[in-house]
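Derivation of every value follows stated rules applied to the coordinates shown; laboratory data play no part. Please read these numbers as outputs of a predicted model, since none were measured by experiment. Glycine gets a Cβ as well: all are built from the backbone with ideal geometry, and neighbour counts include every protein chain shown.
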Amino acid sequence: MAEFHDLAELALNRDGQSWGNLGYWHTANDYSDACRALAQLLGDQAGLGEQSVLLDAGFGCGDQLLLWLEHFGVARVRGANLSSSQTVYAKTKLAKVGFKDAAAAIMRGDINDPEVWWLALQGDRPSHIVALDCAYHFPSRPDFVGLARQHLAPSGRLALTDFLLADQHNTGSFVHRLLRWMLRRSHIAEANIVHRDHYRRQLQESGFSDIRIIDVSEHVMPGFARFVRKLRRGHSVADTGKNLGWSGQIKYRVTGRFLEWAYRRSILRYCLITATKTV
Ligand SMILES: C[S@@+](CC[C@H](N)C(=O)[O-])C[C@H]1O[C@@H](n2cnc3c(N)ncnc32)[C@H](O)[C@@H]1O
């Protein structure tokens with residue numbers, strides 16, 4: 001059966017790169033650089049370093065695992081990704097550049113499944129758990145946060161990039177009905193998308209403190225929309241010359257338009273979130 005999260009994003013990337021997030025477009029001009037910049041920002045905010053034992057939830061095709069290992073020099077990575085094709089790709093990518101242990105330590109699995117955590121962690125208590133541009137796709141973000149709390153080492157850190165409802169957005173409005181339709185189409189559970197206060201409360205109630213929510217929408221949502229507008233001529237991606245096919249074209253064009261609309265109308269916000277496990 002076709003997967004919703006597959007290898008389609010390879011066409012958006014330069015050769016050798018395989019990112020699949022919305023990107024941080026503050027200074028980046030190309031998709032791979034923008035995606036790496038978003039990952040770098042998350043790693044910085046998480047405070048990754050040489051002592052870190054990291055669980056990566058939704059690691060995509062593995063580029064971010066290399067960033068954690070090579071740039072941040074983390075001691076160990078573990079990870080789970082729902083997508084089979086991406087997990088195989090990531091394992092091959094890591095093994096090719098010599099990270100054989102890391103390749104063996106990542107697995108296919110649904111991060112909302114408690115069993116997957118035991119299998120993925122193999123007895124480790126991670127100092128850090130990251131979810132780069134994917135928590136909104138999880139079946140339940142609160143359940144994910146609860147599992148993160150359960151498995152993190154004392155004072156461990158959780159770091160995510162995620163969508164929130166803009167403060168002024170009214171959930172009783174017609175616009176909200178449109179948003180709900182779009183979320184369903186994008187495989188996003190409606191209950192995952194909440195206002196900032198609600199999000200903060202969920203983290204507090206799950207046993208997290210020192211919660212920081214930084215709004216980075218202006219460097220994410222319009223940047224991705226601008227990038228996608230460049231895909232319009234023909235099938236191939238302007239920056240890479242690679243073929244996206246019709247379904248890929250439509251998927252990204254619809255996503256780009258939607259993000260532009262949700263940003264301009266102050267419906268959604270894209271944020272960097274960090275929290276520390278309360279001892
Ligand atoms: C938008 S992509 C981001 C990929 C990658 N983090 C990146 O930045 O390139 C979302 C990722 O979340 C993963 N994902 C979605 N639902 C998941 C779940 N329930 N458990 C684990 N991974 C999941 C997808 O397979 C995909 O790799």
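If you sort the three axes of the alpha carbon gyration tensor as a ≥ b ≥ c, you get a/c of 1.5 or more for the range 142-267 and a/b above b/c, which makes it prolate. Spatially close Lys pairs in the range 8-277, defined by Cα atoms under 25 Å apart and a spacing of eight or more places or different chains, total 7. In the chain, excluding the sites themselves, the longest stretch lacking any of the trypsin sites (Lys or Arg not before Pro) that are in a DSSP loop with at most 16 other Cβ atoms within 10 Å is 15-232. Sequence-distant contacts, meaning Cα pairs under 8 Å at least 6 residues apart, place the relative contact order of the chain at 20 percent. Please label the shape of the range 8-277 as rounded, prolate or oblate, based on the square roots a ≥ b ≥ c of the eigenvalues of the alpha-carbon gyration tensor (a/c under 1.5 means rounded; beyond that, a/b larger than b/c means prolate, else oblate). Judged from the Cα gyration tensor, the range 8-277 comes out oblate (a/c at least 1.5, b/c at or above a/b).
The length gained by stretching the chain between Gln51 and Ser173 to full extension, at 0.36 nm per residue less their Cα-Cα distance, is 39.2 nm.
For Arg184 and Asp15, FRET efficiency with R0 = 41 Å and r from the beta-carbon atoms, rounded to 0.05? Efficiency for this residue pair is about 0.70. Our helix-only sum for the chain, with -39,500 (n - 2.57) per DSSP H run of n ≥ 4 divided by its residues, gives a mean residue ellipticity at 222 nm of -11500 deg cm²/dmol. Farthest towards the positive end of the charge dipole of the range 8-277, among the residues Phe258, Ser32, Leu42, is the Cα of Phe258, using unit charges on the Cβ of Lys, Arg, Asp and Glu. Farthest towards the positive end of the charge dipole of the range 8-277, among the residues Thr92, Ala275, Leu165, is the Cα of Leu165, using unit charges on the Cβ of Lys, Arg, Asp and Glu.
Each of Trp118, Trp68 was scored by other Cβ atoms within 10 Å of its Cβ. Listed from fewest to most, they are Trp118, Trp68.
By the gyration tensor of its Cα atoms, with a ≥ b ≥ c the square roots of the eigenvalues, what is the shape of the range 1-69: rounded for a/c under 1.5, prolate for a/b over b/c, or oblate? Oblate is the answer for the range 1-69, as a/c is 1.5 or above yet b/c matches or exceeds a/b. Computed about the Cα centre, the dipole magnitude for the chain is approximately 800 debye when only Lys and Arg (+1) and Asp and Glu (-1) carry charge, each at its Cβ.
On full extension, the segment bounded by Arg264 and Asn243 gains 4.6 nm, given 0.36 nm per residue less the C-alpha separation. Basic side chains Lys and Arg get +1 at the Cβ, acidic Asp and Glu get -1 at the Cβ, and with that the dipole of the range 84-219 about its Cα centre reaches some 320 debye.
A simple spin-label model places the labels of Asp197 and Ala153 3.7 nm from each other, with each point 7 Å out along Cα-to-Cβ.
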